[in-house]
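Novice: The following block contains the structure, expressed as structure tokens.
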Amino acid sequence: MNGGLAHACGVFGVYAPNQPVAQLTYLGLYALQHRGQESAGIAVSDGQNVTVVKDMGLVTQVFDERSLAPLEGHLGIGHTRYSTTGSSSWRNAQPIYRSVGETGFALGHNGNLTNTAELAGTLGMLPGLTADETSFDSTTDSALVAELIAREWPDEPRSDGRELEHALEKVLPRLKGGFSFVLMDDARLIGVRDPHGFWPLALGRLEGGGWVLASETAALDIVGAHYVRDVQPGEMVVIDAAGLRREHRFAEPDPKLCLFEFIYFARPDTNLYGQSVHAARQRMGEELARQAPVDADMVMPIPESGIPAGQGYARSSGIPYGDGLVKNRYVGRTFIQPNQKIRGQSVRMKLNPLPENIRGKRLVVVDDSIVRGTTTRQVVAMLREAGATEIHFRVSSPPYKWPCYYGMDTGRKSELLAADLEVGEIRDYLGVDSLAYLELERLTKATGSSEESFCTACLSGNYPVPVPLEDTKHVLEIDVSNARLTDTDSAPRFPGVSPSAPA
Ligand code: SF4
């Protein structure tokens, strides 16, 4: 359970003549629901017209048989959104449709750009203007990209109809930050990944013909597609009537996949870097047991995100594994409510202790991460009330100290529990008997890939792409000598704890 991390988006695309494209996209989005719960949308082309249906809410709230019925065509894209830039409102829902002359295109974006202000400047806009003050019908960086594409659209129609590809070739090298895009016009499906490949984008082949793009391989499984390969960092792939027609590299790849995809974001049944996410999370738990052993009676996870690491810890330590908390299966992840007060209340709706399993026991409690710590603190209090005699908290990732600027919403640096607190201070704040975080080296070892192949910025402060000097959400000072950031925000911190001086 993680009360502080919210992903930006899930994206999905399909090119499949003679197949129910809208229904396939719906199923793909349903599989990617965990990546964004604020809005959902689908765009479909029948070769003549692009039709978009989108609204606020979960995939199942936005779509039903009636709303899917008019979405007929041979290619489509879909999007689930959690806002990182721009407010949570209908006009920021995606896919974004942008008309250009007699034609148009649709775009879905997973990620967050870091040079939005610079790009806005090239369009003659002042950064920070609201949508009402500009020509945009949206406040997101994704709308800015759509505007850039529209402005690079060839003046004269091309005989091959490939205006979108050519506009993208001009725009993509100018974008910085995290972006996995799915785009379409009336005849083509396009997938794009930024040069670092912060966010995954997998390419699959449908049985019976057709192609699929999806944020996670699990979404391929659910629509009956088999995995072909990842869209490579710095690559644009184009799919049309000729099949996978074009694999175009627009930048040198420097892979830095978000390490939190392995830790928390991705579904356990997804594969990343050729590895099962579930198996990697179990190995993280095994590493944690080797690094931070403790004498205890039961290992229990915080459901559901802590389950694989808890299993790994138990397997490696030999301490019996058991359930201490039951998760209400019918409550959404707590981060869907944007305000802290509501988020706090929802923890008790979501988890209920099993006193008969806990009473009189020394517990090892395993979770994948602690971000704000408010959720964890409440869970610890519930376990104490239920009769636990000792609580040894084990976290299968290092302390989360730095905000993400590439597409994941953690809020302000001042909301991150580990930003200024030492492990001992966090232990006291949470009210546990001992606390240990998995070392970064052991974590990356568990993934099966090298540390260099990941973005670890929120854990290490080493940002692969420089972040803005002035940000509307975070006021930052950059220490160029080690590329670390200092957030000068001074919002209220954690009650009962005296923060140590910032590093
Ligand atoms: S800063 Fe953290 S959450 Fe953001 S991309 Fe990097 S590893 Fe992922």
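Every number here is computed from the coordinates shown, using simple stated rules; none is lab data. As the structure is a prediction and not an experimental result, all values here were calculated from the model. Backbone-built Cβ (ideal geometry, glycine too); neighbour counts: all protein chains shown.
Novice: If you plug each phi of segment 113-122 into the Karplus form 6.51 cos²θ - 1.76 cosθ + 1.60 with θ = phi - 60°, what whole-Hz ³J(HN,Hα) values come out, in order, with x for Gly and Pro?
Specialist: 7, 9, 10, 4, 4, 4, 5, 4, x, 5
Novice: Taking a cut-off of 14 Å, what percent of all Cα-Cα pairs in segment 168-235 are separated by more than that? It would help to have the intermediate numbers written out before the result.
Specialist: Details: 1309 of 2278 pairs.
The calculated P(r) of segment 168-235 puts 57 percent of pairs beyond 14 Å.
Novice: Relative to the Cα centre, what is the charge dipole magnitude of segment 192-249, using +1 at the beta carbon of each Lys and Arg, -1 at the beta carbon of each Asp and Glu, and rounding to the nearest 20 debye? List each step's numbers first, then the result.
Specialist: Values: 6 positive and 8 negative charges, 40 e Å.
I would put it at about 200 debye.
Novice: Hey, another quick one. Apply the Kirkwood formula to segment 278-453: the hydrodynamic radius equals the inverse of the mean of 1/r over all pairs of different alpha-carbon atoms; give it in Å with one decimal.
Specialist: Working: mean 1/r = 0.0609 Å⁻¹.
Kirkwood radius, segment 278-453: 16.4 Å.
Novice: Quick check on segment 278-453: of the DSSP beta bridges with both residues there, what percent are antiparallel, nearest 5%?
Specialist: Working: 3 of 18 bridges.
Among the beta bridges of segment 278-453, antiparallel pairing accounts for roughly 15 percent.
Novice: Hey, another quick one. Within 10 Å of each residue's Cβ, count the other Cβ atoms and sort Thr374, Thr122, Thr140 from fewest upward. The partial results should precede the final answer.
Specialist: Working: Thr374 19, Thr122 12, Thr140 25.
Ranking Thr374, Thr122, Thr140 by Cβ neighbours within 10 Å, fewest first, gives Thr122, Thr374, Thr140.
Novice: While we're here: Fewest Cβ neighbours within 10 Å first, please rank Met408, Met284 accordingly. Intermediate values should be presented prior to the final figure.
Specialist: Working: Met408 24, Met284 28.
So the residues, fewest neighbours to most, are Met408, Met284.
Novice: Taking amide H positions as placed 1.01 Å from N in the peptide plane, with prolines and chain starts having none, which residues 5 or more places from Asn115, or on another chain, fall under 5 Å of its amide H?
Specialist: Lys176
Novice: Compute the signed sum of charges (Lys and Arg +1, Asp and Glu -1) over the other residues within less than 12 Å, Cβ to Cβ, of Met56. Can you show the working numbers first?
Specialist: Details: positive: Lys54, Arg81, Arg91; negative: Glu38, Asp55.
That works out to +1.
Novice: Dividing the alpha-carbon radius of gyration of segment 271-324 by 2.2 N^0.38 Å (N being the number of residues), what value is obtained? List each step's numbers first, then the result.
Specialist: Numbers: Rg = 11.1 Å, N = 54, 2.2 N^0.38 = 10.0 Å.
Normalised Cα radius of gyration, segment 271-324: 1.11.
Novice: Count the net charge of all other residues whose Cβ sits under 12 Å from the Cβ of Glu422, scoring Lys and Arg as +1 and Asp and Glu as -1.
Specialist: Working: positive: Lys401, Arg427; negative: Asp420, Glu425, Asp428.
With Lys, Arg at +1 and Asp, Glu at -1, the net is -1.
Novice: Follow-up. If you take the C-alpha gyration tensor of segment 204-303, multiply each eigenvalue by 5 and take the square root, what semi-axes do you get, largest first, in whole Å? Display every interim value, and only then the final one.
Specialist: Numbers: eigenvalues 258, 59, 13 Å².
Working through the eigenvalues yields semi-axes of 36, 17, 8 Å.
Novice: Principal axes first, then extents: for the Cα atoms of segment 7-255, list largest minus smallest coordinate on each axis, whole Å, largest first.
Specialist: That works out to 48, 38, 38 Å along the principal axes.
Novice: Which order do Ser142, Ser453, Ser305, Ser159 fall in if you start with the one that has the fewest other Cβ atoms within 10 Å? Don't skip to the answer; put the middle values down first.
Specialist: Working: Ser142 28, Ser453 15, Ser305 23, Ser159 6.
Placing the least packed residue first, the sequence is Ser159, Ser453, Ser305, Ser142.
Novice: Starting from the 7 Å offset along Cα-to-Cβ, what nm value, one decimal, do you get for the label separation of Ser453 and Arg151?
Specialist: About 3.8 nm separates the two model spin labels.
Novice: So for each of 203-210, 112-119 I average, over its residues, the number of other beta carbons within 10 Å; can you give me the resulting order with the highest mean first?
Specialist: On the way: 203-210: 16.9, 112-119: 20.5.
Packing order, densest peptide first, comes out as 112-119, 203-210.
Novice: Quick check: residue separation of Thr60 and Ser159 times 0.36 nm, minus the Cα distance between them. What number comes out in nm?
Specialist: 31.6 nm
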